[in-house]
Amino acid sequence: MSTIHLIHHSDDLVQALNGYKKLLGWPHDWKVPQKNETPSLDLHDFYIVYNRDPEKLDGLKAAQHLRSNPETFAVPILFISDKLSDYAQLLFDDLDFVWLCEQPFHSRRFFDTVAKVQTYMASNISFLRQANETFNALASGQFTQAKKALNVMADRFQNSLRFHIWSAQVHLGLKELDRALDAALLAQKMRPKSLEVSNLLASIYYKKGDTENYNAIVQQTLRLAEIHLQNLLHWGDVYLEQGNVERSITAFEAALEKEPENQRAKQGILAANLVEGRTNIAGTAEIASAQSMEIARMFNLKGISMAESGHFRTAERLYNNAMKILPNKEIAYKLWLNLGLCMKKKGDLPAALAYFEKCQELAPPHYKRAEAQILALKDELKKEESSKDFSRIKDRVIRQGDVLNYKKIQSQKGA
């Protein structure tokens with residue numbers, strides 16, 4: 001019977017696994033592995049890595065650590081996580097033998113993913129052993145042995161990214177630099193934004209003395225290395241949209257630790273505080289005054305994003321509180337317009353009309369967007385009220401047992 005090794009697990013996950021075993025007779029044991037304790041491929045053991053705090057990348061770091069260890073390189077990983085940011089996806093794509101199970105947690109999806117892992121292991125256990133042995137040889141500098149292992153695996157492995165990376169590493173270790181470069185370039189063609197491939201190419205160009213290409217690839221690697229910063233900013237925005245203000249602020253503050261002058265993080269903290277109604281935080285007035293147009297544009301974009309994802313009340317709180325701190329009231333009318341659009345999308349037409357009228361009151365004469373929205377909304381509200389009147393009269397007629405007479409109904413409107 002296989003054993004699941006839990007990494008970064010949560011109490012909820014353990015409770016779910018206990019429930020599956022007790023109520024469904026699920027044929028698995030699980031454990032939190034001790035230091036230096038490794039799963040057994042022969043017993044079809046595998047890992048579950050829970051990406052508990054996606055903004056911190058802890059789950060991805062744990063998976064990367066397992067893939068850097070020759071003893072665990074080819075042990076499959078079931079990776080439970082919220083949808084990854086585009087930046088974190090770059091790191092995830094460099095991992096081998098990993099199956100993603102996206103949150104929110106769903107039992108059927110979880111069981112299906114476990115079944116895929118088990119099916120793969122049952123069909124490929126010899127291949128997984130060979131992969132572990134090959135990585136072990138590479139890690140210990142036994143390049144001739146690793147080359148022989150790759151030749152054995154070539155028939156089923158030669159079209160994969162990992163095969164080209166390992167081939168490049170073998171040739172680099174054997175000082176066959178041209179062949180190493182050919183293999184690394186094939187890997188880069190397959191995954192242009194891979195950090196692992198970029199680092200490998202940098203090593204090869206450095207050994208070849210190709211300063212121009214070395215410098216170019218190092219610059220690319222430095223840009224890719226901003227993944228951690230960009231991931232924090234991404235989750236700061238996501239948590240803000242959800243109204244999870246404290247986690248949003250924590251993510252933005254962590255981003256500022258990495259880059260103290262990052263304006264996106266500073267503005268994100270400002271927006272998060274405004275959602276909570278904190279308009280008197282130190283520095284708020286200074287930021288709003290110095291970057292009035294930019295801040296207003298940022299509020300616009302964040303509010304639109306919140307509304308697009310269905311978080312209308314969060315957008316409303318952001319817009320309303322933003323109006324309190326913006327010193328330039330001449331640009332506030334655009335926020336009122338967007339607030340109206342949020343409420344219109346939500347279906348709260350009276351509130352939308354009130355916000356559009358406020359926008360029109362403040363907007364310059366040439367600005368006609370609010371006027372068009374007001375006319376359309378008034379017409380829609382009139383039709384809605386007319387429909388309600390019709391329904392009330394229809395119900396009354398039916399209750400009295402009369403024949404439904406549309407001319408009579410029209411004459412009774414308002415009665």
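The values are calculated or read from the model by the stated rules, or taken from the named source; none is laboratory data. Remember, predicted model here, so these are calculated numbers, not experimental data. Ideal geometry is used to build each Cβ from the backbone, glycine not excepted, and the neighbour counts take in all protein chains shown. Surface accessibility is based on the protein's heavy atoms, side chains included, excluding ligands, DNA and RNA. Shrake-Rupley method; radii C 1.70, N 1.55, O 1.52, S 1.80 Å.
Quick look at the numbers
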| quantity | calculated |
| --- | --- |
| Under 5 Å, built H, 5+ apart or other chain: amide partners of residue 99 | 77, 78, 79 |
| Qualifying lysines (Cα of each under 16 Å from Cα of residue 208; at least 8 residues distant if same chain) | 175 |
| In sequence order, calculated HN-Hα J values of the range 87-97 (Karplus, 6.51, -1.76, 1.60; Hz; x Gly/Pro) | 6, 5, 4, 4, 5, 4, 5, 7, 8, 9, 6 |
| Separation in nanometres of the label points that stand 7 Å from Cα toward Cβ, at residue 69 and residue 99 | 2.1 nm |
| Cross-link pairs 35/83; 147/193; 147/189; 266/302; 56/302 - those with Cα-Cα distance over 20 Å | 35/83; 147/193; 147/189; 56/302 |
| Accessible surface ranking that places the most exposed of 93, 155 first, with a 1.4 angstrom probe | 155, 93 |
| Residues residue 16 and residue 83, FRET efficiency given R0 of 35 Å [Cβ-Cβ distance, rounded to 0.05] | 0.95 |
| FRET efficiency, 1/(1 + (r/R0)^6) with R0 60 Å, evaluated for residue 378 and residue 210 via beta carbons | 0.30 |
| Integer Hz, Karplus 6.51/-1.76/1.60 couplings in order for the range 165-174, x for Gly and Pro | 5, 5, 4, 4, 5, 5, 5, 5, x, 8 |
| Rounded, prolate or oblate (a/c below 1.5 giving rounded, otherwise prolate when a/b exceeds b/c) for the range 79-144 by Cα gyration tensor | oblate |
| Ranked packing of 347-357, 253-263, most packed first, by mean Cβ within 10 Å | 347-357, 253-263 |
| Cross-link reach list, lysines versus residue 21, counting only Cα pairs under 20 Å and skipping chain neighbours closer than eight places | 31, 116 |
| Evaluated over the range 93-180, the Cα radius of gyration and Dmax, each in Å | 16.1, 50 |
| Mean-position separation - Cα centroids, the range 1-50 and the range 96-161, in angstrom | 19 Å |
| Extension gain, residue 155 back to residue 259 (0.36 nm per residue minus Cα-Cα distance, nm) | 32.8 nm |
| Phi-based couplings in Hz for the range 136-152 (Karplus 6.51, -1.76, 1.60; Gly and Pro marked x) | 4, 5, 5, 5, 9, x, 8, 6, 5, 5, 5, 5, 5, 5, 5, 4, 5 |
| Solvent-accessible surface ranking, highest first, for 190, 343, 1 at 1.4 angstrom | 1, 190, 343 |
| Cα-based reach from residue 382 at 30 Å (exclusive), listing lysines while leaving out same-chain residues under 8 positions away | 334, 344, 345, 346, 358, 368, 394, 407, 408, 413 |
| Portion, in percent, of the accessible area of the range 1-121 that falls on carbon or sulfur, probe 1.4 Å | 49 percent |
| Residue-normalised accessible area of the range 1-81, given per residue in Å² at a 1.4 Å probe | 46 Å² |
| Cα-Cα separations in the range 144-276 greater than 21 Å, expressed as whole percent | 56 percent |
| Intensity falloff of the range 148-212 expressed as log10 I(q)/I(0), Debye formula with alpha-carbon point scatterers, at q = 0.23, 0.26 Å⁻¹ | -0.92, -1.11 |
| Accessible area, probe 1.4 Å, largest first, for residues 10, 107, 68 | 68, 107, 10 |
| Ratio of Rg to Rh over the range 13-137 (Cα coordinates, Kirkwood Rh, two decimals) | 0.95 |
| Amide hydrogen neighbours beyond the local backbone of residue 6, cut-off 5 Å, H modeled | 31, 32, 48 |
